[in-house]
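Heads up, the thing below is written out as structure tokens.
What follows is calculated from the coordinates using simple rules that are stated; it is not laboratory data. None of the values given here were measured: they were computed from a predicted structure. Every residue, glycine as well, gets a Cβ built from its backbone with ideal geometry; the counts of neighbours run over all protein chains shown.
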Amino acid sequence: MTQAAPTLMRRIRGMMFKMPLMITCEEFDDFILAYLEDTLSAREKFVFELHLKVCRDCREYLAAYRASLELARKCGKEPDEALPPVPDDLVQAVMEARGR
Amino acid sequence: MQKGDRSSATEPDEGEAIAAVANADPAAAERFVRKHAGWMLAVAMRIVRDAHHAEDAVQNAFAKVFDNIGGFGGRSALKTWMHRIVVNESLMLLRKTNRSQTVAIDELQPVFDNNGCRIEDRWMSMETPETLLMRSDIQAQVNGKIDLLPDNYRIILVLRDIEELSTQEVAQLLEISEANVKVRLHRARAALKRLLEPLIRGQAV
């Protein structure tokens with residue numbers, strides 16, 4: 001099992017994240033959705049990407065978040081041409097309901 | 001359905017089909033049902049996750065389509081219009097169903113220490129989506145994990161990331177604020193990421 005960064009390392013990073021233009025990982029997390037939708041202001045994007053440069057944990061987190069999102073998008077639905085045939089009883093039910 | 005489909009105008013052959021269906025031509029109506037029921041059933045299944053309920057949703061959706069197709073003015077592509085109808089009918093049925101065996105969403109959220117630093121196991125290796133997509137069981141694996149999300153989160157992920165609706169559209173359909181859609185989407189994605197971690201870390205069999 002892989003380990004999280006040790007407490008001392010996190011404490012040092014915690015101090016670094018208090019410097020100007022720096023944000024914490026928790027604040028970074030709040031921006032992920034807007035970053036991926038490209039709706040951050042230029043300043044917010046700069047601050048987000050600055051954190052990304054200095055924080056390995058968030059780089060890895062974001063990479064896994066993106067990978068998971070891509071899997072959901074690609075696996076979530078089958079292309080129309082790969083769909084199973086329409087059940088005849090469904091077609092009949094729809095047509096009967098229309099006739100009523 | 002691709003995003004581009006939604007903005008395109010009604011296809012040329014659809015105009016005739018719409019007119020025939022609106023004019024109660026049974027043969028045209030059946031061709032119309034056969035053409036569209038497959039993808040509508042797939043959409044409904046992704047939302048209600050139950051074959052019986054999905055068929056009900058599609059039947060209800062066709063009833064709405066037949067009732068309103070005369071007034072369909074081609075403001076959007078026909079498929080886009082029908083997609084919204086089947087999504088809406090599926091959501092109505094979903095509210096009546098009780099799915100079990102979902103996970104607690106809070107337990108799958110990222111963890112931070114008192115300094116706001118992320119506590120995350122180090123990623124020693126990461127499989128790329130391209131590699132994972134070559135697995136024969138990948139669809140079942142991913143959809144199985146999506147299914148574990150509680151419905152009020154799962155549905156947002158399905159509508160936004162799979163059905164490709166906008167935040168605004170999802171907010172309107174679910175009668176919640178756009179901010180709420182964004183919060184739930186982010187939490188759903190974070191939870192799914194956690195559930196898919198064994199696969200992405202290359203630890204899954």
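Data overview
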| read-out | value |
| --- | --- |
| The range B:63-139: projected area of the alpha-carbon convex hull, averaged over directions, in nm² | 11.0 |
| Cα gyration tensor shape for the range B:106-150, rounded if a/c is under 1.5, else prolate or oblate | oblate |
| Relative counts (whole %) of C-alpha pair distances in the range B:45-85, using bins that are 5 Å wide | 6, 23, 27, 21, 13, 9, 2 |
| Calculated FRET efficiency for the pair A:Ala42/B:Asp147, C-beta based, R₀ 35 Å, to 0.05 | 0.30 |
| Acute angle (nearest 10 degrees) that the helix A:88-99 long axis makes with the longest principal axis of chain A, alpha-carbon atoms | 70 |
| Chain B: angle of helix B:51-68 to the longest principal axis, Cα-based, in degrees nearest 10 | 40 |
| Residues in the range B:121-160 reached by a label modelled at B:Gln101 [backbone nitrogen below 13 Å; 7 Å Cα→Cβ] | B:144-149 |
| Along principal axes, Cα extents of chain B, largest first, whole Å | 65, 37, 32 |
| Rg/Rg_ref, the range B:105-200, where Rg_ref = 2.2 N^0.38 Å and atoms are Cα | 1.20 |
| Rg(Cα)/(2.2 N^0.38 Å) for the protein assembly as shown, N = residue count | 1.16 |
| Within 10 Å of each Cβ in B:77-83, the average number of Cβ atoms from other chains | 0 |
| Per-residue mean of C-beta atoms belonging to partner chains within 10 Å, peptide B:187-195 | 4 |
| Likely footprinting exposure, A:Phe48, A:Phe28, fewest C-beta neighbours within 10 Å first | A:Phe48, A:Phe28 |
| Angle in degrees between helix A:7-16 and the longest Cα principal axis of chain A, rounded to the nearest 10 | 80 |
| Relative compactness, chain A, computed as alpha-carbon Rg over 2.2 N^0.38 Å | 1.85 |
| Test item: B:119-131 mean partner chain Cβ contacts at 10 Å | 5 |
| Filter on A:Lys77/B:Lys193; A:Lys45/B:Lys193; A:Lys45/B:Lys145; A:Lys74/B:Lys35 - keep pairs with C-alpha separation over 29 Å | A:Lys45/B:Lys145 |
| Whole-angstrom gap from the range A:34-100 to the range B:126-198, using each part's C-alpha centre | 6 |
